[in-house]
Number of protein chains: 2
Amino acid sequence: MDLTGSLALLWGDRPGPRRGPKPALTHDLIARAGIAIADAEGLAAVSMHRVAADLGFTKMSLYRYVPGKAELVALMADLAMGAPPADLGGGDRCARLRAWALALLPGFLRHPWVLEATTGPRVVGPNELAWMEAALAQLDGTDLGGAARMDVLAVLAGHVRGIAQQAATTPGGDAGTQLGAILAEVVRERGDRYPAVKAALAEAAEGGEDEALGFGLDLILDGLRARLGEPAGADPTQS
Amino acid sequence: MDLTGSLALLWGDRPGPRRGPKPALTHDLIARAGIAIADAEGLAAVSMHRVAADLGFTKMSLYRYVPGKAELVALMADLAMGAPPADLGGGDRCARLRAWALALLPGFLRHPWVLEATTGPRVVGPNELAWMEAALAQLDGTDLGGAARMDVLAVLAGHVRGIAQQAATTPGGDAGTQLGAILAEVVRERGDRYPAVKAALAEAAEGGEDEALGFGLDLILDGLRARLGEPAGADPTQS
DNA sequence: TTTTATTTGTGTATGTTAGACACAGTTTTT
DNA sequence: AAAAACTGTGTCTAACATACACAAATAAAA
């Protein structure tokens, strides 16, 4: 894993002068082809051969643009998530952080494989850094230390990721429904050993509403408001 | 991905009567061999051949015990995380949830690959379910709905995962330090476009203390306390 | 304008991986 | 003793990432 190589690649540090024939492909084109495959058939379906073939080229020609598969996936992930919204709306700091977190979700839902692609050590791309910047900027002027700010970020992003991951397995497509069904089956058969899970599951299936993301965010942001000494914002779920 | 198969496997639903020779291996033995490899060299180093070889057997003999690699990894992950602590200590509900989350961390730190292995759709094993049960049991008697309880779980576990993931890339070993160094380098070169990240990073590197896990947990649990209408517990970071 | 250096796209080859399948040896049941 | 069932193994295939060398193309240098 040559991380230094993929850095220059992700950040577009290409040497200028060329002499040979003009390259027929671009990073953008390649990444888009990979994204299309991953969206339709999952990250496992993305192979050098497949991406190249979809572009009408040979597998080996891809290596002229990308050092390896890891870098290709990094490129795909950074492009798929896109840039953060320029405007997080009005409201106080925490409301804007809430908007930020909410804005993060659609990307994960549209490209569930990004969750897989961004676990473990990786190179942070321009878009990912832009998302970080957008959130951290909201914490300017607070008395939080650098580590604490990073931590607020981690909590928020972690929660969104968790929700996205949960959502990615739920919709009725492939193994998703199976997973839910199997979990339910296990709990039904051996539910006596897991009463709390059984109860929560039953009640969740009954009530049905999943405002999971909002609920968790409110939890976190209420805590943050208290920590910052700011007044509680408008909160629809509590009087 | 045959999820039904791995379910019976993870939960030990083996058919009773045997006629042929006694099996030389057990799921436990196989999983431990895999865990040893993953701990030492990462999840990528775990292959059927490698695990079998380390046990002194042929690759194909493993398939007598495990339907495929996915099931092997699921087995490894469930065993590696182990059972939740029987006693979460005294204190109020939120203090016990805090203890639960803190107890979750060492497993992730000892076996960083579990993060990778438990992203995406998977079969939930006995230990994972036991962890869920332990946390959900603390929410008994609250007015939270089933979905909300699951969500509290997701927020807490998600945060611990995030911290573990961050920690997994930090310690000075392989690509970890590189990643941090590269991020720092990117920010140093182009820091003007990411002032908030730059500031947070600089301050974090300076201050140094990373009570990241505790900070985030307090954030979440403060929010939860407010939601539950319980008084704030003893909190060392606030008067 | 000719030559030369450089870069692209490709074909071929290698090593690794997951998994299918059939077979021989072993053990329990009949 | 015979039959049935199960285990461990060897062989085989297909997919994959990646190394390497080569021909065609193209821009800079002569």
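Centre-to-centre, using Cα atoms only, the stretch A:14-64 and the stretch A:82-137 are separated by 26 Å. Here r is the Cβ-Cβ distance between B:Lys59 and A:Ser61 and R0 is 30 Å; the resulting FRET efficiency, rounded to 0.05, is 0.30. Label-point spacing for A:Thr26 across the identical copies (point 7 Å from Cα in the Cβ direction), in nm and ascending order: 6.0. Quick check: net charge around B:Met48, other residues with Cβ under 9 Å of its Cβ, Lys/Arg +1 and Asp/Glu -1? Net charge in that neighbourhood comes out at +3. By definition, a body whose alpha carbon gyration tensor gives a ≥ b ≥ c is oblate when a/c is 1.5 or more and a/b is not larger than b/c, and the stretch A:3-81 fits this oblate description.
For a test of the definition: using alpha carbon positions, the gyration tensor, and the 1.5 limit on a/c, classify the stretch A:93-228 as rounded, prolate or oblate. Since a/c reaches 1.5 and a/b is larger than b/c, the shape of the stretch A:93-228 is classed as prolate.
In terms of the Cα gyration tensor, with a ≥ b ≥ c the square roots of its eigenvalues, is the stretch B:1-141 rounded because a/c is under 1.5, prolate because a/b exceeds b/c, or oblate?
Working: a/c = 2.47, a/b = 1.75, b/c = 1.41.
Prolate, because a/c is 1.5 or more and a/b exceeds b/c.
A Cβ-based charge dipole, computed about the Cα centre of the stretch B:3-81 with Lys and Arg at +1 and Asp and Glu at -1, lands at about 460 debye. Loop-located trypsin sites (Lys or Arg not before Pro) in the stretch A:60-154 (DSSP state not H, G, I, E or B) with no more than 16 neighbouring Cβ atoms inside 10 Å: A:Arg64. For A:Asp39, inter-copy separations between label points set 7 Å beyond Cα along the Cβ vector come to 4.3 nm, shortest first.
Each Cα pair under 8 Å and six or more residues apart adds its sequence gap; the mean of these over the residue count of the stretch A:3-81 is a relative contact order of 36 percent. For A:Lys198, which aspartates and glutamates qualify as cross-link partners when the Cα separation must be under 16 Å and same-chain residues fewer than eight apart are set aside? Once the sequence-local aspartates and glutamates are set aside, what remains near A:Lys198 is A:Glu185, A:Glu189, A:Glu206, B:Glu128, B:Glu133, B:Asp140, B:Asp151.
Using the beta-carbon distance between A:Arg50 and A:Arg18 and R0 = 41 Å, what value does 1/(1 + (r/R0)^6) give for FRET efficiency, to the nearest 0.05? Once rounded, the FRET efficiency stands at 0.90. Summary for B:Arg50: label point 7 Å along Cα→Cβ; distances to the equivalent points in the other copies, ascending, 2.3 nm.
Readers should treat all values here as calculations from the given coordinates under stated rules, not as data from a laboratory. Only a predicted model underlies this, so the values are computations on that prediction, with no experimental measurement involved. Quick reminder, even Gly has a Cβ in these numbers, built from the backbone with ideal geometry, and neighbours come from all protein chains shown.
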